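This report concerns only the one structure given below.
The values are calculated or read from the model by the stated rules, or taken from the named source; none is laboratory data. All of these numbers come straight from a predicted model, not from anything done at the bench. No Cβ is skipped: glycine too gets one built from the backbone with ideal geometry, and neighbour counts run over all protein chains shown. Accessible surface areas use protein heavy atoms only, side chains included; no ligands, DNA or RNA. Shrake-Rupley method; radii C 1.70, N 1.55, O 1.52, S 1.80 Å.
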Amino acid sequence: MSETEYGHLFFRMTNINKYYQMGDEQAHILKDICLSIEKGEFISVLGPSGSGKSTLMNIVGCLDVPTSGEYILNGQETNGLTEKQLAEIRSREIGFIFQNHQLLPRLTALKNVELPLIYAGVPPKERKRRATEILISVGLEDRLNHYPNQLSGGQCQRVAIARALVGNPSILLADEPTGSLDQKTGRQVMELFRNLNNEGRTIVMITHDVNIARNARRVVHIIDGQLTEGGQTADA
């Protein structure tokens, strides 16, 4: 694929298939998935429950491996890597944002955001500086020392986004990031995503909501494990 306005090819999936053993039968979850994403893109994968989008997300995020096919992430072939190697890729390349935040309730916003840096061996002073800086950048400068139960749903999601960003990953992978939010708060989170993309962040968002999907610059549809291109959104 030639270079585009988005820059160089960031990842490529070719003929990805995923089977799960279900009793005596094999369930064919993903069917010859082909998907390429350029650096700096913001795409949404749109599909209903049971369509295979979560399985696809897990493979994109190196949380699972395909049964067959090729997945190249940021120039690295992932087929045949050990779990340790996949974990290293996740730590280095991918920032995860989940529907239900997955914040630790006994840690402040600041400490939640510091967690990935602790695992990466970053010294305490530098951890605090980087976590504080990224929380300020998502508009939470006055919530650094608040606990999750002292924050609104939208503020918790911003903490989760900050935690995903603090390690400066190559790609943000968001799984139903507005699923637990009201419409107004969801729009605010989507505005933050668009701003991050405008700064050059590569974002892949999984959603069942067509209105949320339209916030991305490109939409792909997944139904019954098969992927089809939806083209660019109207406001891209």
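Miscellaneous remarks
- Normalised contact order of the chain, rounded percent, pairs of Cα under 8 Å and 6 or more residues apart: 28
- C-alpha long axis of helix 183-198 to longest principal axis of the chain, angle in °: 80
- Shape category assigned to the chain from the gyration tensor of Cα positions, a/c cut at 1.5: prolate
- Relative contact order, whole percent, for region 100-236 stands at 21, derived from Cα pairs under 8 Å and 6 or more residues apart.
- Which of Lys53, Lys125, Lys184 is most accessible, then next, and so on - probe 1.4 Å: Lys125, Lys184, Lys53
- FRET efficiency, Glu126 to Glu229 (Cβ-Cβ, R0 45 Å, nearest 0.05): 0.60
- Each residue of region 55-60 is assigned a 3J(HN,Hα), and the resulting list reads 5, 4, 4, 5, 6, 4 Hz, derived from the Karplus form 6.51 cos²θ - 1.76 cosθ + 1.60 (θ = phi - 60°), x at Gly and Pro.
- Integer Hz, Karplus 6.51/-1.76/1.60 couplings in order for region 68-75, x for Gly and Pro: 8, x, 10, 10, 10, 10, 6, x
- For the chain, the longest principal axis of the alpha carbon atoms and the long axis of helix 124-137 meet at an angle near 80°.
- Applying a DSSP loop filter and a limit of 14 other Cβ atoms within 10 Å to the GluC sites (Glu not before Pro) in region 127-202 leaves Glu141, Glu199.
- Label point distance in nm, Asp142-His28, each placed 7 Å from Cα along Cα→Cβ: 5.7
- Just the protein heavy atoms count here, and of the accessible area of region 181-231 at 1.4 Å, carbon and sulfur take up 42 percent.
- Shape call, region 1-119: gyration tensor on alpha carbons, a/c limit 1.5: oblate
- Measuring r between the beta carbons of Asn149 and Glu77 and using R0 = 35 Å, the FRET efficiency lands at 0.20.
- In nm, spacing of pseudo-spin labels at Ser36 and Leu107 (7 Å Cα→C-beta vector): 3.9
- Sequence-distant residues sharing a close amide H with Met205 (under 5 Å, placed H): Ile43, Ser44, Val45, Ala174
- Cα centroid separation, region 10-54 to region 69-101 (Å): 15
- Against the chain, whose longest principal axis is taken from its Cα atoms, helix 83-93 shows a tilt of about 60°.
- Shape call, region 94-136: gyration tensor on alpha carbons, a/c limit 1.5: prolate
- Label zone of Leu63 (point 7 Å out along Cα→Cβ, amide N under 12 Å): in region 196-214 this covers 206.
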